[in-house]
Amino acid sequence: MKKCNLARDCLMLLFGAVALFLFCLVPPVQAAGADAQHLGVASCAGSTCHGATSPTADTNVQLNEYVTWVRRDKHAKAYEILLSDTSKRIARNLGIGEAHSAKICLDCHADNPAADKRSPSFQISEGVGCEGCHGGAQNWLSSHTSAPPHSDNVAKGMIATDDPVVRAGLCLSCHFGNKDKFVTHRMMGAGHPRMSFELDTFTQLQPAHFIVDEDYRKRKGAITGIKLWAVGQAVMAREHMAALADGKRNRDGLFPEFVLFDCHSCHTPMSNKNWRPRSNGVRIPGMPHVNDSSLVMLQVLTKVIDPALGRAVAAKTRALHSNGSASMGQLAAAASDLRALTDQMVVKFAANSFDGDVMKAMLKGLVQAGQDGEYSDYADAEQAAMAIDTLIAAMRAEKTVSEAQLQKLTKSLDAIYAATAKDEAYQAGRFNAALAGVRTALGG
Ligand code: HEC
Ligand code: HEC
Ligand code: HEC
Ligand code: HEC
C-alpha cells in the first residue's frame, strides 16, 4: 500500500470539493438539452449530412432521413395544416386569432422553442422537424458527426428516442398532451379531430428513417414492438391519470374536462338503445365515464406478468369509475392512486422480455376481456385491435406460432380492423365475433 501523502490527499480533497461545487452548478442533462438553441432542419439536411437522396451503405445511419421526413412524414406538414380551412375554422371558433401564430396550436404542430432558443436559421414553418423529436442540437451538432457512442450525444442533450419510456413521453406530449400543452374538449368542440395513440402502431405508421438491424442493436440495444406497446400503455395511463388528478386540468368551469372521458359515452344517437352493463359492474346507465382504454389493456397485461399488480390495477380502475360518479375529489384521488401504479408498471415492463408463452396468454386475455364486456366502448376496442396487431406481429417475428395459425390470426385481424374502422358505427357484438376468430386460431 502506498504511504499516505498529506499534500496529495489535500489536493484530492480540494479537487473533490471543486467537482462537487461544479456538479451543483451544472444543471442536469435533460435540462441542459432543454436550454439548447434549436438550429432548424437545414442544419441537419446538408447533402453530406442527413440530406442524401438514398440510403448510404457504409455508415451506421442511413443519411437520407431528411428525404424520408420531408416527402412522407406527416410531421413535416404539421405546420402547414394550421393554414388549412379546418384549422382556420377551429381558430375562429375558439377566438384565438390565426392558428399558425397561436401558441396553443404551434406547441404541437411545430417544434416551438422560446424566442431566445431559436438560431437565425430556425424556421417555425418546418413543423415538427428533427429537433422537435431529437432535441435542440446546439450542444451536440458538431460532435455527433464523428459517431461517438449514443450515450455521449444524450449526455449533451440529444433526446434518447431509443429508450421506450423516453420515446413514449415524447410522442404522447403531442399525441395526448401534458401539463404544458393539451387538446381540450373546447378544441374538439371547435373542430379538432379526436386523437388516439399507441406507441408501437404509431412507430410503425411513421415512415421509418432508421433501420433496426444488427448494427443498430449493437449500438442501441434490442427494442421489441411488444415492449414499446407495453411501455406506451403505461405511460399513456400515467399521463391520463396525471391530468385527471390535476385540479387545474380535470375540469372546465361547472363540468369535468370532457376530453378525459370516453367520447362516445356522450356522442351517440339517442336511438341507439344499446347500453349494456359490464360484468365488473363499473358502468352506470346515463353516466359518462372516464376513458379507460389504457387501463383495460394494462389489466390484461399485468394479470399475465404480475397477478398481484393486476388485481391492484383492476381494483383501482373500479374505484375510478365508481368514485367518478361521486365527486371530482374522489375521482382525482383514485386517478392519483392509479398514477402511482403506472410508475411500477413502467419499471416492470421496461425490464420484461415478454417470451412466447406470455404473448399467447396476453392474446387470450385480450379476447377474454371482450367476452367480459370490456369493449363496450369504441376507445377500448380500438386499443385492443392495435394490441392484437402488435402481438401477432411479434409472434410472426419470433416464430412462436405455426404458419397455419398465423394465417388464421391474420384473417381474424382483418375482421377486427373492419369492426373498428368507423367509430360512430361501432358495435361491440360484431367486434367480439371477430375476436372469436383469434381464440379459434390459438386453439380454444
Ligand atoms: C397537444 C397537442 C396538440 C395541440 C395543442 C393541437 N393539436 Fe392539432 N393535432 C395534434 C395531433 C397529434 C394530430 C394528429 C392526430 C392523429 O392523426 O392521430 C393533430 C391533428 C390536427 C388536425 C388534422 C390534421 C390532418 O392531417 O387532418 C388539424 C386540422 C389540427 N390538428 C389543428 C389544430 C389547431 C388549429 C390547433 C390549435 C387550436 C391544434 N391543432 C392544437 C396535436 C395537437
Ligand atoms: C416524430 C419524431 C421524429 C422526428 C420528427 C425525427 N425523428 Fe429521427 N428518430 C425518431 C425515432 C423514434 C428514432 C428511432 C429511435 C432511435 O434510434 O433513437 C429516430 C432515429 C433517428 C436516427 C438514428 C438512426 C440510427 O440508426 O441510430 C437518425 C440519424 C435520425 N433519427 C435523424 C433524424 C433527422 C435528420 C430528422 C429530421 C429530418 C429526424 N430524425 C426527425 C424520431 C423522430
Ligand atoms: C411536437 C409534437 C409531436 C411529437 C413530439 C410527435 N408528434 Fe406525431 N404528429 C404530430 C402532429 C401535429 C401530427 C399531425 C400532422 C398532420 O396531420 O399534419 C402528427 C402525426 C403523426 C402520425 C400520422 C398519423 C396519421 O393519422 O396519419 C404518426 C404516425 C405520428 N405522428 C407518430 C409519432 C410518433 C411515433 C412520435 C414519437 C416518436 C410522434 N409522432 C411525436 C405531433 C407530434
Ligand atoms: C360528458 C359528455 C361528453 C364527452 C365525454 C365528450 N363530449 Fe364532445 N360534446 C359534448 C357536448 C355537451 C357538446 C356540445 C354540443 C353542442 O354544442 O350542441 C360536445 C361537442 C363536441 C363536438 C362538436 C360537435 C358539433 O356539433 O360541432 C365535438 C367534435 C366533440 N364534442 C368531440 C368530442 C370528443 C373527440 C370527445 C372525446 C375525446 C368528446 N367530445 C367527449 C359532450 C361530451
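The values are calculated or read from the model by the stated rules, or taken from the named source; none is laboratory data. This is a predicted model, so every value here is computed, not measured. We place every Cβ from the backbone using ideal geometry, glycine too, and count neighbours over all the protein chains shown. Side chains included, ligands, DNA and RNA excluded: accessible areas come from the protein's heavy atoms. Shrake-Rupley method; radii C 1.70, N 1.55, O 1.52, S 1.80 Å.
In region 222-275, what trypsin sites (Lys or Arg not before Pro) fall in a loop by DSSP, with at most 14 other Cβ atoms inside 10 Å?
Hits after loop and neighbour filter: Lys248, Lys273.
For region 299-423, give the percent of accessible area contributed by carbon and sulfur heavy atoms, probe 1.4 Å, rounded to a whole number.
52 percent
Any idea what the relative contact order of the chain is, in percent, if you count C-alpha pairs under 8 Å spaced at least 6 apart?
So the answer I get is 13 percent.
Enumerate the helices in the chain for which the Kyte-Doolittle hydropathy averages -0.5 or more and the C-alpha atoms extend at least 15 Å along the helix's axis, using complete DSSP H runs.
Helix filter hits for the chain: 6-25, 164-175, 225-245, 293-305, 307-324, 328-351, 356-371, 378-398, 403-419, 428-442.
Ignoring ligands, DNA and RNA, what percent of the 1.4 Å accessible area of region 28-137 is carbon and sulfur?
56 percent
Is the shape of region 304-444 rounded, prolate or oblate, going by the alpha carbon gyration tensor and its root eigenvalues a ≥ b ≥ c, with a/c under 1.5 for rounded and a/b larger than b/c for prolate?
oblate
Would you list which aspartates and glutamates come within 18 Å of Lys88, measuring only between C-alpha atoms, while excluding same-chain residues fewer than 8 positions from it?
Glu80, Glu98, Asp107
Mind checking which lysines have their Cα closer than 17 Å to the Cα of Lys179? Skip sequence neighbours fewer than 8 apart in that chain.
Lys103, Lys248
Using alpha carbon centroids, what distance separates region 124-159 and region 312-345, in Å?
About 38 Å separates the Cα centre of region 124-159 from the one of region 312-345.
In vacuum, with every alpha carbon of region 170-235 counted as one equal point scatterer, what does the Debye formula give for log10 I(q)/I(0) at q = 0.14, 0.19, 0.29 Å⁻¹? Two decimals, please.
-0.56, -0.86, -1.27
First measure r as the distance between the Cβ atoms of Ile211 and Asn352, then evaluate 1/(1 + (r/R0)^6) with R0 = 25 Å and state the FRET efficiency to the nearest 0.05.
0.50
Take every Cα-Cα distance within region 115-224, group them into 10 Å bins from 0 onward, and report for each bin the whole-number percent of pairs it holds.
Taking every Cα pair in region 115-224, the percentages come to 11, 36, 36, 15, 3.
Could you give the nm distance between label points at Ser279 and Lys364, where each point is 7 Å from its Cα heading toward the beta carbon?
Output for this residue pair reads 1.4 nm.
Exceeding 23 Å between C-alpha atoms, which entries from my cross-link table qualify? They are Lys181/Lys422; Lys364/Lys422; Lys364/Lys408.
From the list (Lys181/Lys422; Lys364/Lys422; Lys364/Lys408), the Cα-Cα distance tops 23 Å for Lys181/Lys422; Lys364/Lys422.
I'd like the trypsin sites (Lys or Arg not before Pro) in region 342-410 restricted to DSSP loop residues with at most 11 other Cβ atoms within 10 Å, sorted by number.
Lys399
Whole number in Å², please: accessible area per residue of the chain, 1.4 Å probe, ligands, DNA and RNA not counted.
52 Å²
For the chain, I need the span (max minus min coordinate) of the C-alpha atoms along each principal axis, in Å, sorted largest to smallest.
80, 61, 51
How many percent of the alpha carbon pairs in region 28-137 exceed a separation of 25 Å?
Every Cα pair in region 28-137 considered, those over 25 Å come to 30 percent.
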